[in-house]
Every structure is written in structure tokens, then in C-alpha cells.
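Data block below; observations after.
The values are calculated or read from the model by the stated rules, or taken from the named source; none is laboratory data. What you see is a predicted model; the values in this text were computed from it and never measured. When we count neighbours, we look across all protein chains shown, and the Cβ atoms used for this are built from the backbone with ideal geometry, even at glycine. In case anyone asks, the SASA skips ligands and DNA or RNA and just uses the protein heavy atoms, side chains included. Shrake-Rupley method; radii C 1.70, N 1.55, O 1.52, S 1.80 Å.
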Amino acid sequence: MKVLVVYVHPNPESFNHAILESFTKGLADAGHTWELIDLYAMKFNPCLSQDDLDLLMKGETPDDIKFQQEKVNQSEGIAFIYPIWWTGSPAILKGWIDRVFFMGFAYSIDEKTGHYTGLLKHQKGLFINTAAASEEEASSTGLEVALKKINNDGILKFCGIKEVEQTIFHNVVMADDATRKGYLEETYKLGKDF
């Protein structure tokens, strides 16, 4: 399977980058091919502008969005790797979704019934996240359930991807080396089993 990996962290020495390396090694070892979109490295513009909207509503796609949509269309699976900041994704990823998963590309609306139809045909979607909160904190506050509902149902399943998973590695800031090693082993397995 060809997997598009959307990576979102500004620090190339972060634990998220180690997760990226472990995940893509797992993909490669399983015989999958993969392509990386590193939103910070490419300085992706996350702002959906009025100019963008004007073009998109006329059925025209700005070049930078078209480039990203082509990458999405060329893949059979899509994985997102990013830290949870302020109970959600980094702003640059939210902007990528706003601009790239636009109506007419990722979903359509029946003008008569108002019914939405997902247009993405990927076999699988995956979110791999790191969080500072402990598993107990995320569970007791409902944060983990809310994140999975938004990401899995509100984004990928809404856009037509039926098989969606999310893995959250908790308490990353305070985790010891053994815990981090375990997280990387689990990430490798996620890539291998994709």
C-alpha cells in the first residue's frame, strides 16, 4: 500500500520525529511505500483566504492546494503524526485540513437533501499523537474520547475513509527512556501492520 504520512512538528529532534522514523521504518519493512508531507519544513500556509474561497467555489483550485490534493489522491492510506496541543492538533494541520479537504475534493453535499458524501477512497487512516497529559487525566476529562470522535468520525470517516485508528502516547514529557522505547516499538508495529 502507498501511504501518505502527514508529519506535524517544528523540531526535527523532537520525540514526534523519532515516532516518524519508527513508523516509516515499519512501513518500509512491511513492503509499503510512503511519501512524507512535513508541514513545518515546507512552511505550508494554513490560512484559508478569501482568494482561496473565491477560486474553490468556482471549481478552481489554488496551486499549493492542488499539489497537496494530488499527494492525497496518489495514496491508498493516510497517517498523521503530531502532538496534541491545547486539546487538538497544531494550527498548521487544522489549516491543512481546512484547505486541502475542501468540499468537492474530500466530500460533497447534495444540494437538494443537504446529505454529505465522503469522497476519499483510502483503505485506512491513522492518527498517531503524543500528549503531555497522563492517560488517567485524558480519560477522566473525556479528552481522549473527544479527540477520537473529532478526528476519526468528524474528519476521516466523514470524508469517506471507513477504517480509522488513533493511538495516543500519554505523559510523553515525563516519560522515562523505557516508556519512550515502548512507544517507539508500538509505532514501528503500527507501520508494519498498516
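Considering region 107-120 alone, what residues qualify as being farther than 23 Å from D64 by Cβ, touching a residue at least 12 places away in the same chain (Cβ under 8 Å) and of a type outside the set (S, T, N, Q)? Hits for region 107-120 are Y116, G118. When the residues of region 166-178 are filtered to those that are more than 13 Å from I81 (Cβ to Cβ) and surrounded by 14 or more Cβ atoms within 10 Å (Cβ to Cβ), which remaining residue is farthest from the chain's Cα centre (by Cα)? The qualifying residue farthest from the chain's Cα centre (by Cα) is A175. In region 147-170, the residues that are under 20 Å from E76 (Cα atoms) form Cβ pairs under 7 Å with partners that are part of a helix (DSSP H, G or I) and of a type in the set (V, I, T), at six or more places apart or across chains, as follows: I155/I97.
In this entry, G125 is excluded by the filter for residues that are surrounded by fewer than 15 Cβ atoms within 10 Å (Cβ to Cβ), closer than 29 Å to T61 by Cβ and touching a residue at least 40 places away in the same chain (Cβ under 8 Å).
Inspect all residues belonging to region 15-30 and state whether any of them is out of contact with any helix residue (DSSP H, G or I) (no Cβ under 7 Å at 6 or more places or on another chain) and assigned to a loop (DSSP other than H, G, I, E, B). Break it down stepwise before answering.
Just the residues of region 15-30 that are out of contact with any helix residue (DSSP H, G or I) (no Cβ under 7 Å at 6 or more places or on another chain), to begin with: 16-17, 20-21, 28.
Adding the requirement that they be assigned to a loop (DSSP other than H, G, I, E, B) leaves none.
The answer is no, given that none of the residues of region 15-30 is out of contact with any helix residue (DSSP H, G or I) (no Cβ under 7 Å at 6 or more places or on another chain) and assigned to a loop (DSSP other than H, G, I, E, B).
Scanning region 1-59 for residues that are surrounded by 16 or more Cβ atoms within 10 Å (Cβ to Cβ), of a type in the set (V, I, T) and touching a Lys or Arg at 6+ places or on another chain (Cβ under 7 Å) turns up just one, I37.
Once region 60-106 is narrowed to residues that are without any contact (Cβ under 8 Å) to a residue 60 or more places away in the chain and of a type in the set (K, R), the residue that is least open to solvent (accessible area, probe 1.4 Å) is R99. Go through region 54-94 and give me each residue that's under 21 Å from E144 (Cβ atoms) and among the charged types (D, E, K, R). Once the filter is applied, which keeps residues that are under 21 Å from E144 (Cβ atoms) and among the charged types (D, E, K, R), region 54-94 yields only K94.
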